1. Scan region 190-205 and report the pairs whose first residue is charged (D, E, K, R) and whose second residue is assigned to a loop (DSSP other than H, G, I, E, B), with Cβ atoms within less than 9 Å and a gap of 6+ or a chain change.
2. How many residues does region 144-175 hold that are over 26 Å from the mean Cα position of the chain (by Cα) and either under 30 Å from Q292 (Cα atoms) or of a type in the set (D, E, K, R) (or both)?
3. Checking L105 against (1) surrounded by 15 or more Cβ atoms within 10 Å (Cβ to Cβ); (2) free of Cβ contacts under 8 Å to residues at least 40 places away in the same chain, which test does it fail?
4. Before we move on, is V229 assigned to a helix (DSSP H, G or I) and under 22 Å from T347 (Cα atoms)?
5. Name the pairs: first residue in region 251-278 and touching a residue at least 12 places away in the same chain (Cβ under 8 Å) and of a type in the set (D, E, K, R), second residue open to solvent by 10 Å² or more (accessible area, probe 1.4 Å) and in a strand (DSSP E or B), Cβ to Cβ under 7 Å, at least 6 apart or on different chains?
6. Could you say which residue among I297, I332 is of a type in the set (V, I, T) and at pLDDT below 95?
7. Within region 296-323, work out how many residues are part of a helix (DSSP H, G or I) and among the charged types (D, E, K, R).
8. Within region 68-88, work out how many residues are modelled with pLDDT under 95 and β-branched (V, I, T).
Amino acid sequence: MTTTTRIGRRVLARAVAVAAAGTLTLTACAEPDEGGGATANGENATGTVTLYTSEPQAKIDEIISAFNEEEPDIAVEVFRAGTGDLRARIAAEQSTGDIGADVLLAADVPTFESYKEQDLFREFTPSDADALLEVATDPDGYYVGTRIIPTVIAYNTGDVDEPPTSWTELTEPDYVERIVLPNPDISGAAAFNASAWSLHPDLGPEWIEALGANNPQVAESNGPVAQAVAEGARPIGIVVDYLVRDLAAAGSPIGVSYPEEGVPFITQPGAVFADAQDPEAAELFLDFIVSQRGQEIAVEQSYLPVRDDVGTPEGAPSLDQITLFDQDLEAIAENQDSAVTAFNEATR
């Protein structure tokens, strides 16, 4: 492919992305006037990074603002949507030209494994790789986890005196029509969880069917699930833990229970696309997210970090106090589509 053709396809892909924005949000981040990092020759790095992400808008805005304090001459433009919608957008762009993003920051490893197999990512090694937890690193070096996000049981503290302490408990008759959970067709974390639960030796497809028999409400994504629990619309929720901390800190009557069987977790990976228009700027941005400063911001945003030198959010257990599922990522990826189908059939 000639350089001219490659650029032309890139422009076409970006035009398609803008025209099809729909539910996605575009944010162009202004560049601060002072500060910033420097390249090897002493000059500030420059460029524009287009980011596709499922990260909540306010949180990604904070990250970009802090990044621009170090790299004031790199603009970051954001297309934000659920992981399922991002996958659909990327597939559409693949069919019409090059992918319109430079960086993908989304929920689940299976998506990243699939894209890695399609040679869609550049190899990337964070500058501080030795400081990162093993569960956050891709052994092949194409993507990196950016936070640890367990899925837990949330409960309304005004309605529930004795919260459930296990996943199995949620299948009991006491919880008929009292549970709300996210849609795995939209939420990458929910899709990942469906596969992780179905492969767990103490849960499996039978547990998913029993959960569905209790007629849970299926909300669009994790955000509405947490809100429904906090408002008392459904007193029990299956949701990512940081949203519970956010709402509790804001005064909502919501608490969290970490089930005794353990919890499934995602690492919200980030990767640089192989055809990134400005790979240096893209790698600088992703590197910042997993840097010490970037992970301090993650903790401030109620996330569990992917390094152990930045502490944990106020009120959150440390990772050594949480039982995490022993997750075979390859098996979860291979099983995910069928698990989501079975989960949907059971819960709707």
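1. D202/W167; D202/E261; D202/G262
2. Total satisfying the criteria: 6.
3. For L105, the failing item is (2).
4. Spelling it out, V229 is indeed assigned to a helix (DSSP H, G or I) and under 22 Å from T347 (Cα atoms).
5. Matching pairs, first to second residue: D278/G47; D278/T48.
6. I332
7. The first filter runs over region 296-323 and keeps only residues part of a helix (DSSP H, G or I), leaving 296-300, 319-321.
In the following step, the residues that additionally are among the charged types (D, E, K, R) were identified as 296, 300, 320.
Total meeting the criteria: 3.
8. Total meeting the criteria: 1.
The values are calculated or read from the model by the stated rules, or taken from the named source; none is laboratory data. Nothing here was measured: the structure is a model prediction, and the numbers come from that model. In this analysis, Cβ positions are derived from the backbone assuming ideal geometry, glycine residues included, and neighbour counts consider all displayed protein chains. Accessible surface is based on the protein model in full, side chains and every heavy atom, while ligands, DNA and RNA are left aside. Shrake-Rupley method; radii C 1.70, N 1.55, O 1.52, S 1.80 Å.
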